[in-house]
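Chemist: Dumping the structure here so I can ask a few things about it.
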Amino acid sequence: MHDNFTSPDFYQIDDLLSEEHKLIRESTRQWVSKSVSPIIEDYAQKAEFPKHLIKELGEIGAFGPYIPEKYGGAGLDQISYGIMMQEIERGDSGIRSTASVQSSLVMYPIWKFGSEDQKEKFLPKLATGEMMGCFGLTEPDHGSNPGGMITNFKDDGDHVILNGSKMWISNSPFADIAVVWAKDENKRIHGVIVERGMEGFSTPETHNKWSLRASSTGELIFDNVKVPKENILPGKSGLGAPLMCLDSARYGISWGAIGVAMDCYNTALKYSLERVQFGKPIAAKQLQQKKLAEMLTEITKAQLLSWKLGNLKNNNKASSAQISLAKRNNVDMAVNIAREARQVLGGMGITGEYSIMRHMMNLESVITYEGTHDIHLLILGHDITGHNAF
Ligand code: TGC
Ligand code: FAD
C-alpha cells in the first residue's frame with residue numbers, strides 16, 4: 001500500500017511541541033511509512049502478526065519510551081510517548097497494541113512495582129524486544145469487572161502454585177513472560193511474572209477475529225504452575241495496581257486514536273479531491289465538505305485534549321477520570337471518522353486498497369479493550385456524582 005500521509009494541524013498545535021517531540025514524530029512517522037504501511041494490509045488479510053517488526057519497534061524506542069535509560073528505556077516524557085503511539089496507530093492499531101502493551105502493561109508494572117532484581121533482569125531485554133511480554137487481567141467471566149477474578153495462587157514454600165485462566169490477551173501466543181494478576185489466599189490481588197516454559201503454563205491463540213487481525217491474541221492457562229516467589233511484584237497489591245497500568249495504556253490510546261483518525265481523514269480528503277462525479281470532484285459537494293469539516297473539527301479537539309492530558313501526566317496531575325474522558329472521547333471520535341471516511345470513498349472504501357476499513361474494524365477492539373466505552377462513562381459518572389453505578 002502506498003503511504004502518502006500528510007498530517008492535519010489546523011490549530012498550529014505543532015507550536016505546542018518541542019523540537020524533540022517533532023523529531024520523534026518525524027522519525028516514527030518515517031518508520032511507519034517504510035516498514036508498516038507497505039505490508040500491513042497483507043498481514044491483516046492473513047490474520048498474522050508481523051513478528052519481524054518487533055526488533056524494529058525496539059530500535060525506534062517504542063518499547064518503554066518513558067522508562068528511565070538506566071533500565072534500557074528512552075527516558076522521554078509523556079507527550080513523546082503519546083506522539084509515538086499516534087504515529088504507530090496511524091499505521092495499524094495492532095502494532096500500537098504491541099508497543100503499548102509492552103510499554104505500559106509489562107514494563108511499567110515491573111518498573112513501578114518490581115524489585116531491583118526484577119527490573120534489572122527484565123526491563124533491558126523488554127526495551128529492545130529481545131524479550132516480549134503480555135498482560136493478563138481479563139478472565140472468561142470477568143472482563144469489565146476484573147476485581148471478581150478467580151485466578152489465584154497458594155503458598156508452597158519458596159514457590160506459589162498458580163491456577164486459573166485469562167482470555168483476550170494481546171501477544172500471549174508468542175510472549176516470553178506474562179504479567180498476570182491473581183489473588184492470594186487472602187483474596188488480595190498481586191502481579192506475578194509467569195515465564196514461558198514453566199510447567200502447566202500454556203498460551204493458545206484465539207482465531208477468527210474480524211478486528212485487530214494483524215495482532216496476535218490468545219489465552220493464558222495456569223494448571224498448577226509453580227512460580228518462584230521472587231517473581232511476585234513486591235511494590236503494590238490490590239486492584240489499584242493493574243488499574244494504574246491501565247491508566248498509562250489508556251492515555252497512550254487517546255493519542256493512538258488520533259493517528260487512526262488522521263489517516264482516515266487524510267485518505268478521504270485526497271480521494272474526494274480526485275474522484276469526479278456529476279462533472280466535479282466530490283470535494284466540491286456540500287455533503288462531502290460537511291463530513292470533512294466535522295472530521296477536522298473533531299481531530300483538532302482531540303489533539304488539544306491529549307496534549308493537555310500529556311502535560312498533566314508530565315506533572316503527575318492527571319486523574320484516572322481525566323484519562324477515561326480522553327480514551328473514551330478520542331476512540332469514539334476515531335470510530336465515527338472511520339465510518340464517515342469510508343463512505344466518502346464509496347465502494348472503494350470497502351477494499352484493502354485503502355486503510356480505512358481495516359482501521360474501522362480495528363477500532364471495534366480499541367473501543368472495547370482497556371475499558372469499554374460504557375465503563376469509561378461510568379468512571380466519569382462516578383467522579384462527577386460520587387455515586388458508583390457499575
Ligand atoms: P474500585 O472499587 O473502584 O477500585 C478498586 C481499587 O482500585 C483503586 N482504583 C484505581 N487505582 C489506580 N488507578 C485507577 N484508575 C483506579 N481506579 C480505581 C480504587 O481506589 C480502589 O483502591 P482501594 O485501595 O480502595 O482498594 O473497583 P471496581 O471493582 O468497582 O472497578 C472499577 C472499574 C470498573 C473502573 C475497573 O475495574 C475497570 O476499569 N474496569 C475495566 C476493565 C479494563 O479496563 N480491563 C482492561 C484489561 S487490559 C486490556 O484491555 C489490554 S488491551 C491492550 C492492547 O492490546 O492495547
Ligand atoms: P463485558 O465486561 O462482558 O461487557 C459486555 C458489555 O456489557 C459491554 O458493552 C460493557 O460495556 C457492558 N457492561 C459491563 N459492565 C457494565 C455495567 N456495570 N453497566 C453497564 N454496562 C456494562 N485484556 C487483558 O487483560 N489483556 C490484554 O492484553 C487484552 N487484549 C485484548 C485484545 C482484544 C483484541 C480484545 C477484544 C480484548 C482484549 N482484552 C485484554 C480484554 C478487554 O479488556 C475486555 O474485552 C474488556 O475489558 C471488556 O470485557 P468483556 O469483553 O468481558 O466484556
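Chemist: From (1) within 10 Å of ligand 1 (Cβ to nearest atom); (2) touching a residue at least 60 places away in the same chain (Cβ under 8 Å); (3) of a type outside the set (A, V, I, L, M), pick out the condition that doesn't hold for Ser115.
Modeler: Result: Ser115 passes all but (1).
Chemist: Taking only the range 300-321 into account, find how many residues are touching a helix residue (DSSP H, G or I) at 6+ places or on another chain (Cβ under 6 Å) and part of a helix (DSSP H, G or I).
Modeler: 11
Chemist: Within the set of pairs 6 or more residues apart or between chains, which connect a residue that is of a type in the set (Lys, Arg) inside the range 165-183 to a residue that is more than 12 Å from ligand 2 (Cβ to nearest atom) with Cβ atoms less than 7 Å apart?
Modeler: From the range 165-183, the pairs are Lys183/Asn152; Lys183/Ile189.
Chemist: Taking Gly347 and the conditions (1) surrounded by fewer than 16 Cβ atoms within 10 Å (Cβ to Cβ); (2) free of Cβ contacts under 8 Å to residues at least 40 places away in the same chain; (3) within 14 Å of ligand 2 (Cβ to nearest atom), which numbered condition does it fall short on, given that it satisfies the others?
Modeler: Condition not satisfied by Gly347: (3).
Chemist: Would you pick out the residues in the range 22-39 that are buried (at least 17 other Cβ atoms within 10 Å of the Cβ) and under 19 Å from Phe63 (Cβ atoms)?
Modeler: Within the range 22-39, Ile24, Arg25, Thr28, Arg29, Trp31, Val32, Ser35, Val36 qualify.
Chemist: Scan the range 246-276 for residues that are out of contact with any Leu (no Cβ under 7 Å at 6 or more places or on another chain), under 13 Å from Tyr354 (Cα atoms) and within 16 Å of ligand 1 (Cβ to nearest atom) and report the count.
Modeler: Of the residues in the range 246-276, 0 are out of contact with any Leu (no Cβ under 7 Å at 6 or more places or on another chain), under 13 Å from Tyr354 (Cα atoms) and within 16 Å of ligand 1 (Cβ to nearest atom).
Yes/no per residue for (1) among the acidic types (Asp, Glu); (2) within 16 Å of ligand 2 (Cβ to nearest atom):
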site: Tyr81; (1), (2): no, no
site: Glu87; (1), (2): yes, no
site: Asp92; (1), (2): yes, yes
site: Gln102; (1), (2): no, yes
site: Leu123; (1), (2): no, no
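Chemist: Could you tell me whether Gly75 is out of contact with any Gly (no Cβ under 8 Å at 6 or more places or on another chain) and away from ligand 1 (no atom under 14 Å from the Cβ)?
Modeler: So Gly75 fits the description; yes.
Chemist: If you don't mind, another one. I'm trying to understand the selection: among the residues of the range 137-175, which are acidic (Asp, Glu) and surrounded by fewer than 17 Cβ atoms within 10 Å (Cβ to Cβ)?
Modeler: The answer is Asp141, Asp155, Asp156, Asp158.
Chemist: Would you list the helices (runs of 4 or more DSSP H) that sit entirely within the range 1-110 and hold 1 or more residues that are in contact with a strand residue (DSSP E or B) (Cβ under 7 Å, 6 or more places away or on another chain) and on the phi < 0 side of the Ramachandran plot?
Modeler: Per the criteria, 93-100.
Chemist: Which of the following residues is closer than 27 Å to Asn171 by Cβ, away from ligand 1 (no atom under 16 Å from the Cβ), part of a helix (DSSP H, G or I) and not acidic (Asp, Glu): Ala334, Ala338?
Modeler: None of the other options fit; the residue is Ala338.
Chemist: Follow-up. What are the residues in the range 209-261 that are at positive phi and surrounded by 22 or more Cβ atoms within 10 Å (Cβ to Cβ), if any?
Modeler: Selection gives Leu212 alone.
No lab work stands behind these numbers, since they all come straight from the coordinates. All values reported here derive from a predicted model rather than from experimental measurement. Methodologically, a virtual Cβ is constructed for each residue, glycine included, from the backbone with ideal geometry; neighbour enumeration extends over all protein chains shown.
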